[in-house]
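S.K.: Pasting in a structure now, in structure tokens, and then I'll have a few things to ask.
The values are calculated or read from the model by the stated rules, or taken from the named source; none is laboratory data. This is a predicted model, so every value here is computed, not measured. All Cβ positions, glycine included, derive from the backbone under ideal geometry; neighbour counts span all protein chains shown.
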Amino acid sequence: MKLSTIAFRNLARHRVRTFLSIFTLVIASILGLFMLSLLAGMEADLKKNILAYYTGTVQIRHGEYNRYDYLNPIHLYVKDEAEVRKKLLQVEGVTQAVGRITTGGKIYIDDSPENEVPGQEFTAMAMGIEIPAEKDILDPESLLVKGRLPGMGSREVVLGYALADKTGLDSGDRFSFMTVTAARGVNAMTFEVVGLVNFSIGGLNDLYFLLPFDTMQGFIQMEGGTQEILLMTEDPDSAEVQLEAINRLIASNGLPGYLEARLWKNQGEYYAALGTATIIYNFIVIFFLVLGATVIVNTTMMVIYERYREIGILGAMGMRPKELVRLFFLEALFAGIISAIIGISLGSVLILTLEKTGMNFGAAFEGIDFEISSIIYPDLKAVHIIIMSIYTVGISALVTLIPCRKAAKIEPVEAISAT
């Protein structure tokens, strides 16, 4: 009788042991596949947020602004932004160009203007965006949780829901906002809240509010200008071609010479965050897989050592040591294959479901200043299935070799008498 046939039958004979081994492998397979997919989803989410909220694929600013970014020198801005954007959209591969203006200041709320008691004040960040043009970038419509978006040219705003909760403001309420202007002065304007938004990055919700781009231009005296222009391209990972074309335009005076174009990968703080996160994610995956392998090794070795007596009987019946090793190796291999099929099938169903519903980490990420969304969508890839298939089958089969080789060298009489 072939060893493979004996090995397969042994799985059915030792049902408790077989179930224990397969159950351990299935759990490790499901969790391993889940971790790989979750961390791939987190990495993709981080990249998406960096592109949508901060840099775009290519960020266009006044060169001096970039040098003094930490001072928020909004007087150094891109003039004639409409004409500049028009030329940028002619660059092959550029799919979208939007202007944005962001500035910090104070929200003032005076519930009783008739008396001399000063009202409340709160630190906040105002972001002026071109609401219709942002549909494929920030997608403000998808952020709404209450009310509606502001109309262009209006003094309407939408607040981050946590900022609304902190200030006590809601749809229909009004507040005044004071900030510095591009003319190096100070200005204040009263706005009406028409809706609440839930930014995917939790840290923005208690600080930011959105208003129409053209209103922001007038408010901070930046008529016809913009603080920055964010470009989106067909493939962000290979946008060096578009960057080179834009730099040629600047050098040839096709665009104002004071402009500076920066690729999202060259934005130190943001791309460094992506690189650091990727390293951390990889370490988490490796740690988890090693931990899972340890559990599998312990379970498999326990099963093998419990079968010393069986090994002794088979040796006494004339089975050679090499055949004993092959027999137990095949048993573990078959158990691994069965486990991989079950575990990866169940894990794939679970992950594909979570890809649609997402996982809410809002409470876990609360207060964390990092470009990661509160809701993460796992990203199952074919490579994850291949890795976990090899992992599940390989680990379960290979760890049998050490105890089996050791047991096969024991004299049959000693093995039979082993407890």
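S.K.: Name the helices (runs of 4 or more DSSP H) wholly within region 1-108 that hold at least 3 residues that are more than 24 Å from L327 (Cβ to Cβ)?
M.R.: Working: elements: 3-13, 15-49, 63-67, 81-88.
By residue number, 15-49, 63-67, 81-88.
S.K.: From V145, V194, grab the single residue that is more than 28 Å from L76 (Cα to Cα), part of a strand (DSSP E or B), out of contact with any helix residue (DSSP H, G or I) (no Cβ under 9 Å at 6 or more places or on another chain) and not assigned by TED's automatic domain parsing to the domain that holds E43.
M.R.: Working: V145 fails: out of contact with any helix residue (DSSP H, G or I) (no Cβ under 9 Å at 6 or more places or on another chain).
Selected residue: V194, the only one of V145, V194 that is more than 28 Å from L76 (Cα to Cα), part of a strand (DSSP E or B), out of contact with any helix residue (DSSP H, G or I) (no Cβ under 9 Å at 6 or more places or on another chain) and not assigned by TED's automatic domain parsing to the domain that holds E43.
S.K.: Further, regarding this structure: Here is a list of conditions, (1) in contact (Cβ under 8 Å) with a residue 24 or more places away in the chain; (2) out of contact with any Leu (no Cβ under 6 Å at 6 or more places or on another chain); (3) not assigned by TED's automatic domain parsing to the domain that holds I387, and L71 meets all of them except one; can you say which number that is?
M.R.: Only one criterion in (1) in contact (Cβ under 8 Å) with a residue 24 or more places away in the chain; (2) out of contact with any Leu (no Cβ under 6 Å at 6 or more places or on another chain); (3) not assigned by TED's automatic domain parsing to the domain that holds I387 is unmet by L71, namely (1).
S.K.: Here are the criteria: (1) out of contact with any Gly (no Cβ under 7 Å at 6 or more places or on another chain); (2) assigned to a strand (DSSP E or B). Tell me which single one Q221 does not satisfy.
M.R.: Q221 satisfies every listed condition except (2).
S.K.: Let me ask something else. Hey, G105 hits all of (1) without any contact (Cβ under 8 Å) to a residue 40 or more places away in the chain; (2) touching a Phe, Trp or Tyr at 6+ places or on another chain (Cβ under 6 Å) but one; which does it fall short on?
M.R.: (1)
S.K.: Right, another one. Would you check which residues across region 154-178 are within 33 Å of the chain's Cα centre (by Cα) and either part of a helix (DSSP H, G or I) or surrounded by fewer than 20 Cβ atoms within 10 Å (Cβ to Cβ) (or both) and list them?
M.R.: Y161, A162, L163, A164, D165, K166, T167, G168, D170, S171, listed by residue number.
S.K.: Can you confirm whether T103 is of a type in the set (S, T, Y) and either outside the structural domain of Y65 (by TED's automatic domain parsing) or within 22 Å of V78 (Cβ to Cβ) (or both)?
M.R.: Numbers: of a type in the set (S, T, Y): yes; either outside the structural domain of Y65 (by TED's automatic domain parsing) or within 22 Å of V78 (Cβ to Cβ) (or both): yes.
Yes: the conditions hold for T103.
S.K.: Looking only at region 204-218, how many residues end up being in contact (Cβ under 8 Å) with a residue 60 or more places away in the chain, assigned to a helix (DSSP H, G or I) and of a type outside the set (S, T, Y)?
M.R.: Narrowing region 204-218 to residues in contact (Cβ under 8 Å) with a residue 60 or more places away in the chain: 204, 207-217.
If we keep only those that are assigned to a helix (DSSP H, G or I) too, we end up with 204, 213-217.
Restricting the remaining residues to those that are of a type outside the set (S, T, Y) gives 204, 213-214, 216-217.
So the answer is 5.
S.K.: Further question on the same structure: Cβ-Cβ under 6 Å, sequence separation 6+ or interchain: first residue in region 234-261 and touching a residue at least 24 places away in the same chain (Cβ under 8 Å) and over 11 Å from V58 (Cβ atoms), partner in a loop (DSSP other than H, G, I, E, B) and not β-branched (V, I, T). Which pairs?
M.R.: E234/G93; L249/L255
S.K.: With a cut-off of at least 2 residues that are at pLDDT 70 or above, small (G, A, S) and within 26 Å of T24 (Cβ to Cβ), name the helices (runs of 4 or more DSSP H) lying wholly within region 317-419. Full working, then the answer.
M.R.: Working: elements: 321-357, 362-365, 382-398, 401-408, 412-417.
Here the list reads 321-357, 382-398.
S.K.: Got a number for residues in region 315-339 being surrounded by fewer than 21 Cβ atoms within 10 Å (Cβ to Cβ) and in contact with a Pro (Cβ under 9 Å, 6 or more places away or on another chain)?
M.R.: Final tally of qualifying residues: 2.
S.K.: Only residues that are surrounded by 14 or more Cβ atoms within 10 Å (Cβ to Cβ) and more than 18 Å from I50 (Cα to Cα): list them for region 134-151, please. Before the answer, list the steps.
M.R.: Going through region 134-151, the residues surrounded by 14 or more Cβ atoms within 10 Å (Cβ to Cβ) turn out to be 134-135, 137-138, 140, 143-144, 146-147, 149-150.
L144, K146, G147, L149, P150, listed by residue number.
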